[in-house]
Amino acid sequence: MNDEKIEKDFIFKAANVETCEVTEEDLKKINKFTLSPVTAEEVYVFKTVVGDNELDDRNFEPFNLNALKDLKKLYIGKTVIKDHRRSADNQVARIFDTELIQDASKLTGAGEIYTKLVTKQYMIKTSKNEDLIAEIKGGIKKEVSTGCKAKHAYCSICGTDNVTTYCNHYWGKEYNTVEGKKICYFTLDGAKEAYELSLVAVPAQPRAGTTKNYGAKIKDFIDENEKENKKNNDINKESELKLKLKALDSFLFIKNNTEGLVMNKKMREIFAKIEQKEAMAKGFMEDGENKDLAKADTLWKEVEELKKEFDLAKKMYESEKEKNTPTDDDLEKVKSDKNKEDELKNFTKALRSFITGKGLVESVDANGGYTVPVDVSTKVEYYKDVDYSLLQDIDVEKVSTNKGSRTYQKKGEVDTFVDIDENGEITEEIEAPTFERLNYTIQDRAGFMPVSNDLINDSDSNIIDIVSQWLGKADVATSNKKILELVATKDEVDLKDVDGIKKALNVTLGQAYKNGAKIYTNDDGLNYLDTLKDTTGRPLLNPDPTAPSQMQLRCGTTVLNIKVLPNKVFPTNTQKVPFIIGNLFDYVKKFDRQSMSIMASNVATLGSFNAYAKNMTLLRAIIRDDYKVKDKDSIVNGYITIAE
């Protein structure tokens, strides 16, 4: 390549040539550049991958997508020459089409979709260029160098646009940054002009630019190609040091004038060293007998290390400060925990006041009882979660009013959509949907528990545990009783044996209610099921492989989970063992007012129990809820008669 022919502002890139067939669409585009139409037999067409937007450019001057988009327009109509020699006789082809090809599955290092620019060129077949066409087809001439001018060339280290102003960084060189070591490259952003494609023997670098000259005005340093001169090299080095010290002045100014910047002892010591070494470096750069650029450069390197040390100390200080400074969430949690702690203390204080008869504190409800705090209610919920609790199986809704209603449609009575004809008319009569209205009225339910007056001397946590266990277990017993009372409102069905269970499941409940169904029975029922075997002598009752403590019953193709309640809770009535088959969630709905209060008296009498005479305290708790049948068809209330 003849460097004398390369003008300022040019960027040259290597590319590869590939032959291709001539299409009708190609001829239409080619004939826009010819004075008279040509045929496919008269032209030879080849295409070139001019470049892409990947960052792995060997000359560290990658195009970005903006540049490729500009070049796509600019290259159309440009000439193809040989060896960058510009003369009319040296023109061998012309670019007639360009295309951007993207691979959406691949992103470049800059986060762009991988894109390459492809150009198509045509040559007129003549005796003069027969050899050239043969050499291209034969792969002899397949390297092409592209020439263009960029709008911008941004440095990856400092972001300077080197089209307007050169920075102190050089492409391909490694620099230390706050993010670690980085290789410098100049991103070519946009293109002002596309000059030519040139067939060359050997590109300076594969895929890379061969010449870099952006046309910027050189301010404080001399062109790199003239650095062999010792004097110019010193001038360039001095300019670079001045720029670095100017940047350091900015660093020191920002640190000294940033409002709210707090430095610990370590940071202040490092900062003082930086200021000291900056002053020394400036002294070695002043004209005179003490001028010594080498010493100034050494001091600058020491300053760079001190700046890193300062930034690290600052990060550690801020991290430690952030770690020890409570967030708004932390403060809110502390406040919430304090409120909970106060609630619990007031609750136990109220119970002690009841016992000693010294009167109540705040939070007394309309019934004269003390409102149970949220944390105690949470403990109560824990004690409700026992194996024989039916609360786990029913639909529980928390409500905020004492009365209300809900609307339901039974699973087995869901209406279908009807046809509409082409005129938009509904073709059949629609029956009114069947809905059921479920009304509730919250009921107050009271329970009593005697406790020793020694409770006053117990710890707060023990008082809370005692009360929570009692409330939780009493609520379970109440819920079981209310649920079983609602089950008893359904007519009893004599199941007779396991075949009756199958019929209840498959026919009475059917597919509408079969999914999620269980068997609820008592200890006698479990014993009965445990005796059942199939025709091969295998037991029908088996542990659930995923939860061995849970029993399952095989009913034909269906396997049902078994829930067992104690005989005392779910009694057998004269050899009639109870079996509930179905889904209690669909059958029973509990409306929970979420309001619980407690009161105590050391002089109350309940039946034959006299708290005063026994030197005890009688606790009375009130819960508020209601239980309703939601879907009466969702269970079968059955029994199996067993021999004594």
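The values are calculated or read from the model by the stated rules, or taken from the named source; none is laboratory data. Everything numeric in this text was worked out from a predicted model, so none of it was measured. Glycine also receives a Cβ, built like all others from the backbone with ideal geometry; neighbour counts cover every protein chain displayed. Accessible surface areas use protein heavy atoms only, side chains included; no ligands, DNA or RNA. Shrake-Rupley method; radii C 1.70, N 1.55, O 1.52, S 1.80 Å.
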Counted residues in region 104-125 being open to solvent by less than 60 Å² (accessible area, probe 1.4 Å) and either touching a strand residue (DSSP E or B) at 6+ places or on another chain (Cβ under 7 Å) or within 26 Å of Lys29 (Cβ to Cβ) (or both) come to 10
Scanning region 606-622 for residues that are open to solvent by less than 20 Å² (accessible area, probe 1.4 Å) and either of a type outside the set (Gly, Ala, Ser) or modelled with pLDDT of 90 or more (or both) gives Thr617, Leu618, Leu619, Ile622
Of the residues in region 164-202, those that are among the acidic types (Asp, Glu) and either within 20 Å of Glu112 (Cβ to Cβ) or open to solvent by 20 Å² or more (accessible area, probe 1.4 Å) (or both) come to Glu174, Glu179, Asp189, Glu193
Scanning region 38-54 residue by residue, those of a type outside the set (A, V, I, L, M, F, W, C) and under 17 Å from Ala150 (Cα atoms) turn out to be Gly51, Asp52, Asn53, Glu54
Asp56 passes all but one of the listed conditions (1) under 20 Å from Val200 (Cβ atoms); (2) within 41 Å of the chain's Cα centre (by Cα); (3) not in a strand (DSSP E or B); the exception is number (1)
Only one of (1) in a loop (DSSP other than H, G, I, E, B); (2) modelled with pLDDT of 90 or more does not apply to Arg86, and that is (2)
Kindly indicate whether any position in region 143-150 is in contact (Cβ under 8 Å) with a residue 24 or more places away in the chain and part of a loop (DSSP other than H, G, I, E, B). no
Looking across region 142-163 at residues that are surrounded by fewer than 19 Cβ atoms within 10 Å (Cβ to Cβ) and modelled with pLDDT under 85, the single one that is farthest from Phe60 (Cα to Cα) is Lys142
When every residue in region 24-82 that is crowded, with 20+ Cβ neighbours inside 10 Å and small (Gly, Ala, Ser) is compared, the one farthest from Thr126 (Cα to Cα) is Ala67
